[in-house]
Amino acid sequence: MKRQRYVALAREAVDPAVFAMPPLIAWSEYAGLLQGADWPDIDALNARRCHDAIPHFAAQDRVLLDDDLHYEQRIAERGIIATRERNWHDLFNALVWLRYPALKQALNRRQVEEIARMGPRERSRPQCAMTHFDEAGVIVRVADPSLLARWDAHDWHGLFWRERAAWQDGRIDVAVFGHALLEHALTPGKLLVGKALVVVADAATAWEPIVAGLAQRVTSGALLRDPLELRPLPLSGIPGWHPDNGDEAFHRQAPCYQPRRPGRAYPPPWVLPEAAASAAVPTPTVARIAR
């Protein structure tokens, strides 16, 4: 069955309540760009750039596209992010650039390297992995590595219901990176599933060193070499992320809770160096990533 393409709501049709719920509530610093009747213009986006190292946003029009560069090559060579105006997908992409510039630049460098190797028409497995993370990625900070056993087994009832408190007391937490996920969150009650990179770190660890470490590992090629590195995470199971998940029945029948495929295994999480001495990370039952 052909998957139906998601079409975001018109700006005036978006329920303002979605901006007060996860994941969009975490982006409230950009409320002036997200809410209200008027779309922000390109100048408003560029005004939020914190330093010149972040590429400029430019309206994606025929004049811009006449350079015949690939989207990623244009960022690397000209420092320009082609951005469609009055478009939710590209607006959220811009916000991710503003919040996570080092990680976005790491992805861009790797994408350009792969384009040079593969050509503009073919896509390598690293390119697919990076695109999946760019569109639907989440970063998960795990302070209690024992939770990974439930996740590895796709024991969603256990991870989100029996261990419900873990999502509320900091033993496991999530930051959304994928701009398509943020766009989908505009639709109230939509079941969201992220593609996760997992970091073992203390609950008090700030996101900045985690993101910086991931950016370094992406740049070096240690991460996102294959789409199967990414763990699916049904975000709608996290307390407060879906209006129905306060009822146990949701966690027994939610369509976004998929069983683990036979032979599927996940790589061990990255352990933040500061946490390495105290973290006891379970050894995966299958050492390699099943294809």
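Throughout, read-outs are computed from the coordinates displayed, never taken from laboratory work. Keep in mind the model is a prediction, meaning the values are calculated, not measured. Cβ placement follows ideal geometry from the backbone for every residue including glycine, while neighbour counts extend to all protein chains displayed.
Residues of the range 204-229 that are in a loop (DSSP other than H, G, I, E, B), surrounded by 14 or more Cβ atoms within 10 Å (Cβ to Cβ) and either free of Cβ contacts under 8 Å to residues at least 24 places away in the same chain or not hydroxyl-bearing (Ser, Thr, Tyr) (or both): Leu223, Leu224, Arg225, Asp226. Counting the residues of the range 117-134 that are without any contact (Cβ under 8 Å) to a residue 60 or more places away in the chain and more than 19 Å from Ile80 (Cα to Cα) gives 8. Scanning the range 9-38 for residues that are within 18 Å of the chain's Cα centre (by Cα) and of a type in the set (Gly, Ala, Ser) turns up Ala26, Ser28.
Here is the figure for the range 32-53: residues that are in contact with a Lys or Arg (Cβ under 8 Å, 6 or more places away or on another chain) and either in contact (Cβ under 8 Å) with a residue 60 or more places away in the chain or surrounded by fewer than 11 Cβ atoms within 10 Å (Cβ to Cβ) (or both) total 2. For Leu33, are the conditions met, namely being assigned to a loop (DSSP other than H, G, I, E, B) and either of a type outside the set (Gly, Ala, Ser) or closer than 23 Å to Val138 by Cα (or both)? Criteria not met by Leu33. Of the residues making up the range 98-155, those that are closer than 30 Å to Glu29 by Cα and assigned to a helix (DSSP H, G or I) number 21.
Only one of the numbered conditions (1) buried (at least 20 other Cβ atoms within 10 Å of the Cβ); (2) in contact with a Phe, Trp or Tyr (Cβ under 8 Å, 6 or more places away or on another chain); (3) touching a residue at least 60 places away in the same chain (Cβ under 8 Å) is violated by Val142, and that is (2). Scanning the range 54-84 for residues that are under 22 Å from the mean Cα position of the chain (by Cα) and assigned to a loop (DSSP other than H, G, I, E, B) turns up Ile54, Pro55, Arg84. Contact annotation: residue pairs with Cβ atoms under 7 Å, 6 or more positions apart or on different chains, pairing a residue in the range 160-172 that is free of Cβ contacts under 8 Å to residues at least 24 places away in the same chain and in a helix (DSSP H, G or I) with a partner that is surrounded by 19 or more Cβ atoms within 10 Å (Cβ to Cβ) and of a type outside the set (Asp, Glu), are Ala166/Leu147; Ala166/Ile172.
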